[in-house]
Number of protein chains: 2
Amino acid sequence: MKVLIVGANGQIGKHLVKDIQDHDSLKARALIRKEEQASYFHDLGAETAIVDLEGEVDNIVEAAKGVDALVFTAGSGPHTGPDKTMMIDLDGAIKTMKAAEQAGVKRYVMISSFDTRREAIQSASESFAPYVVAKHYADEWLRGTNLNHTIIHPGKLTNDDGTGHVEAAAEVERGEVPRQDVARVILETLVHDSTIGKEFQVVSGQQSITDAVTSL
Amino acid sequence: MKVLIVGANGQIGKHLVKDIQDHDSLKARALIRKEEQASYFHDLGAETAIVDLEGEVDNIVEAAKGVDALVFTAGSGPHTGPDKTMMIDLDGAIKTMKAAEQAGVKRYVMISSFDTRREAIQSASESFAPYVVAKHYADEWLRGTNLNHTIIHPGKLTNDDGTGHVEAAAEVERGEVPRQDVARVILETLVHDSTIGKEFQVVSGQQSITDAVTSL
């Protein structure tokens, strides 16, 4: 299975491409914004595609041709300006869904934020709310597509080393989770079709990542 | 027919409430943000409802109870920050659609911007693009509802006196249009059910507003 990783140059993306390249039956194509980001991925034996998510959908379609799954882990993040939130977290995300549909990519894994429900918008601080709105509607759009999708809602991301153990369920207590573990959760999600049509929150916990993902 | 005007305190909204109150078979309920905005509407004999579009959907549902149509002419405008664009032009708009559905309001008229197609996003300047994205997805959401909707795409708005004459069609040449004429276009849209399910661009032109709207 070949996987297009949108946002490959982010911290989760870099872990994920490495994990995919280390896996027997998976291959990664890293979607990146700049040529100078490519060497990390080439060193891992991964393909790259240079695409600006603010550009034409056609360019994303081109990059998505021939892959079996698309992972969206790009993010302006909650700390960039709300203009980029609109262009990347909302519009960029939905463009990748359209591109997946047009390129015939059936499988789509979205890395969302921990809580994107209406209640989370209403209770968010004024500065954080636009980010939650963007993720809310990106998730909503994905649910309305015919893509075989999974929506992952990770807790507060840290740069700690992964432990290989998490708690995953429709709702879990708010908590932290290392980006390295999130990458492994994504990989297990990709290889287990039982996750199709599901969405779940994930934080650090006691279950092995494989067990946590397969028992969803 | 009673009409809830969301964004009544804006310039188009003020013209519209006046036109509605002057009309034999229409009555306005002005949705406003602050108590001190109410006197203008009360002087016209219109009802008011004080609701913050960034607040709970339930408050909008309450304000929409008992009306027959909802007009969305609120707008952070392209010149406020992109945070308000996300909260008002996208999320606020969609919340009013949900509220209309929950309150049993069947008719919904959206005042969009002149061009909200994908091409318009891609060709917009970096500062304008987030606004076009917000309006694009608000329009998209409305098309996906079961509301009896009309989407009006006015040209560049001016404060000139209305002429009572416009050009309206699915696509027209880019041009200006006085806010006063847009308000009259909305009123004619409300009273002519032939506009249900349609969307059109409108600029100043040669046709009387009634003729332009009824010949769509």
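Throughout, read-outs are computed from the coordinates displayed, never taken from laboratory work. It should be emphasised that the depicted structure is a prediction, and the values quoted were computed from it without experimental measurement. Positions of Cβ are generated from backbone atoms using ideal geometry, with glycine treated the same way; all protein chains shown enter the neighbour counts.
Some notes on this structure:
- Residue within the range A:69-84 that is surrounded by fewer than 24 Cβ atoms within 10 Å (Cβ to Cβ), touching a residue at least 12 places away in the same chain (Cβ under 8 Å) and among the basic types (Lys, Arg) present: no
- Unmet criterion (only one of (1) under 15 Å from the mean Cα position of the chain (by Cα); (2) within 12 Å of chain B (Cβ to nearest Cβ)) for A:Gln122: (1)
Yes or no, residue by residue, for (1) among the hydrophobic types (A, V, I, L, M, F, W, C); (2) more than 15 Å from the chain's Cα centre (by Cα):
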{"residue": "B:Phe128", "(1), (2)": "yes, yes"}
{"residue": "B:Val132", "(1), (2)": "yes, yes"}
{"residue": "B:Leu142", "(1), (2)": "yes, no"}
{"residue": "B:Thr163", "(1), (2)": "no, yes"}
{"residue": "B:Thr189", "(1), (2)": "no, no"}
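- Residue within the range B:190-203 that is free of Cβ contacts under 8 Å to residues at least 40 places away in the same chain, in contact with a strand residue (DSSP E or B) (Cβ under 9 Å, 6 or more places away or on another chain) and in a strand (DSSP E or B) present: no
- Where a residue in the range A:139-151 is under 19 Å from A:His192 (Cβ atoms) and its partner, wherever it lies, is among the β-branched types (Val, Ile, Thr), with Cβ under 6 Å and at least six apart: A:Asn148/A:Ile196; A:Thr150/A:Val109; A:Thr150/A:Thr189; A:Thr150/A:Thr195
- One residue alone among A:Glu167, A:Glu171, A:Glu126 is of a type in the set (Asp, Glu), part of a loop (DSSP other than H, G, I, E, B) and in contact with a strand residue (DSSP E or B) (Cβ under 8 Å, 6 or more places away or on another chain), and that residue is A:Glu171.
- Selected residue [touching a helix residue (DSSP H, G or I) at 6+ places or on another chain (Cβ under 7 Å), more than 14 Å from every other protein chain (Cβ to nearest Cβ) and more than 22 Å from A:Thr80 (Cα to Cα)] from B:Asn159, B:Asn148: B:Asn159
- The range B:72-122, subset among the polar types (S, T, N, Q) and in contact with a Phe, Trp or Tyr (Cβ under 6 Å, 6 or more places away or on another chain), residue nearest to A:Met86 (Cα to Cα): B:Thr85
- Qualifying residue in the range B:150-157 (condition: more than 20 Å from B:Gly10 (Cβ to Cβ) and not in a helix (DSSP H, G or I)): no
- Some residue of the range B:75-86 being touching a strand residue (DSSP E or B) at 6+ places or on another chain (Cβ under 7 Å) and either away from every other protein chain (no Cβ under 14 Å) or basic (Lys, Arg) (or both): no
- Within the range B:36-50, the set of residues being closer than 18 Å to B:Gly66 by Cβ and either within 14 Å of another protein chain (Cβ to nearest Cβ) or of a type in the set (Ser, Thr, Tyr) (or both) comprises B:Thr48 only.
- Any hit, the range B:178-189, residues being out of contact with any Phe, Trp or Tyr (no Cβ under 6 Å at 6 or more places or on another chain), buried (at least 21 other Cβ atoms within 10 Å of the Cβ) and not in a helix (DSSP H, G or I): yes
- Filter pass, B:Lys34 being touching a helix residue (DSSP H, G or I) at 6+ places or on another chain (Cβ under 6 Å) and among the basic types (Lys, Arg): no
- Residue in the range B:107-117 that is facing chain A (nearest Cβ under 10 Å) and either buried (at least 23 other Cβ atoms within 10 Å of the Cβ) or touching a strand residue (DSSP E or B) at 6+ places or on another chain (Cβ under 8 Å) (or both) present: no
- Residue match in the range B:131-146 (condition: of a type outside the set (D, E, K, R), farther than 28 Å from A:Glu54 by Cβ and assigned to a strand (DSSP E or B)): no
- Positions within the range B:120-144 being among the charged types (D, E, K, R) and within 22 Å of A:Gly144 (Cβ to Cβ), in sequence order: B:Lys135, B:Asp139, B:Glu140, B:Arg143
- The set of residues in the range B:51-74 being under 26 Å from B:Ala129 (Cβ atoms) and within 11 Å of chain A (Cβ to nearest Cβ) consists of B:Glu54 alone.
- Residue selected from the range A:140-163 under the condition in contact with a Lys or Arg (Cβ under 7 Å, 6 or more places away or on another chain) and not β-branched (Val, Ile, Thr), by the criterion farthest from A:Ala93 (Cα to Cα): A:Gly162
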